[in-house]
1. Taking the stated definitions as given, is S160 touching a Leu at 6+ places or on another chain (Cβ under 8 Å), without any contact (Cβ under 8 Å) to a residue 24 or more places away in the chain and either crowded, with 24+ Cβ neighbours inside 10 Å or of a type in the set (S, T, N, Q) (or both)?
2. So in the stretch 176-197, with the set limited to residues that are within 30 Å of T260 (Cβ to Cβ) and not aliphatic (A, V, I, L, M), which one is surrounded by the fewest Cβ atoms within 10 Å (Cβ to Cβ)?
3. Can you tell me which residue among E59, E96, E53, E65 is over 19 Å from the mean Cα position of the chain (by Cα), modelled with pLDDT under 95, charged (D, E, K, R) and within 28 Å of I198 (Cβ to Cβ)?
4. Output the residues belonging to the stretch 229-244 that are under 20 Å from I216 (Cβ atoms) and in contact (Cβ under 8 Å) with a residue 24 or more places away in the chain.
5. Those residues that are free of Cβ contacts under 8 Å to residues at least 60 places away in the same chain and of a type in the set (G, A, S), I need them from the stretch 101-120; list them, please.
6. Collect the residues in the stretch 234-279 that are at pLDDT below 95 and of a type in the set (K, R), keeping them in residue-number order.
7. Determine whether E233 is within 19 Å of E93 (Cβ to Cβ) and not aliphatic (A, V, I, L, M).
8. Any idea how many residues of the stretch 257-279 are within 21 Å of D200 (Cα to Cα) and surrounded by 15 or more Cβ atoms within 10 Å (Cβ to Cβ)?
Amino acid sequence: MTKHLKPVELFLAFGLAATIGISNSPSANASEGDETVNEATAPVLAQGGEGGEGGEGGEGGEGGEAGVSSGNPDVDYMTTLGLMKGHLIVAEELIEQGNYDEAEVHIGHPVEELYGGIENELSQRNVSQFKTELTELHDLAKSAPESPQMQDAFATSMESIDQAIAAVPQSERQSPEFVLDVMTEMLKTAAAEYEAAIADGKIVEVEEYQDARGFILYAEELYQNVADQMSQENPEDHQVIQESLAQLKTAFPSVTPPDTPIKDPSEVYSLVSQIELRS
């Protein structure tokens, strides 16, 4: 099954490349950019997918592109890897259900849509290239999804992404500020995908719904790395973030979407804004 490249994720890849080209380090411009995004959060997120209605057209809307390039190369690099993880998380859920066709689509996204955005970065960070591993996994997802080789390739791909993540300085990966910046980028992409999944009050684009679910699940996983520190140092922010993540997850009760959306896209954007305001 061939999938057209997504404007949301292509914008991320191109934005990352542009950010790296402009600056090789997260300078003072990064915090400046973050401040600008926070000030514009409500109007930008509210515009969501006005560029199109449902399907592929909605994914390139204003909400999908807003803030994808953070101005911090480490945040953009980590966000790209986080989106890869999100795709594989929902692919694994679909594999467990025996839904190999839908799983194959999500397995293809990391290599087809996202890898190019970090390929040069991997070399600069002394990380082994893993495009071959992702390609092999995608090939097996199409030809032998139930095979032991597929299971091995899936585990290898996840390990490769984790190794790439480990190239981000540990001080950043354990920093609430950094983690929240990455979460915000992922959650804004998830909100745009969710909006793109809905038309006429129904979830009509299953793939976009699943994308959003995977990104939210991995964003929550990231937050667990700094949750204890946040609860001690910023208990009020921690409570809002925890509650907002819990509310976001209620819109995605399972990898198979409900016929009728549980939350309106505006509610999802609002919850993402609540988290962004704490970053």
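1. Numbers: touching a Leu at 6+ places or on another chain (Cβ under 8 Å): yes; without any contact (Cβ under 8 Å) to a residue 24 or more places away in the chain: no; either crowded, with 24+ Cβ neighbours inside 10 Å or of a type in the set (S, T, N, Q) (or both): yes.
Criteria not met by S160.
2. Narrowing the stretch 176-197 to residues within 30 Å of T260 (Cβ to Cβ): 183-197.
If we keep only those that are not aliphatic (A, V, I, L, M) too, we end up with 184-185, 188-189, 193-195.
Working: T184: 26, E185: 29, K188: 28, T189: 32, E193: 30, Y194: 34, E195: 29.
Per the criteria, the residue is T184.
3. Checking each option against the conditions leaves just E53.
4. Selection gives M230, D237, V240, I241, S244.
5. Selection gives A103 alone.
6. R278
7. Values: within 19 Å of E93 (Cβ to Cβ): no; not aliphatic (A, V, I, L, M): yes.
Spelling it out, it is not the case that E233 is within 19 Å of E93 (Cβ to Cβ) and not aliphatic (A, V, I, L, M).
8. Here is the first cut: in the stretch 257-279, the residues within 21 Å of D200 (Cα to Cα) are 257-270.
Imposing the further condition that a residue be surrounded by 15 or more Cβ atoms within 10 Å (Cβ to Cβ) reduces the set to 257, 261, 263, 265, 267-270.
Number satisfying all stated conditions: 8.
The values are calculated or read from the model by the stated rules, or taken from the named source; none is laboratory data. The structure displayed is predicted, hence computed values, not measured ones. Don't worry about glycine lacking a Cβ; one is built from the backbone with ideal geometry, like all the others, and counts go over all protein chains shown.
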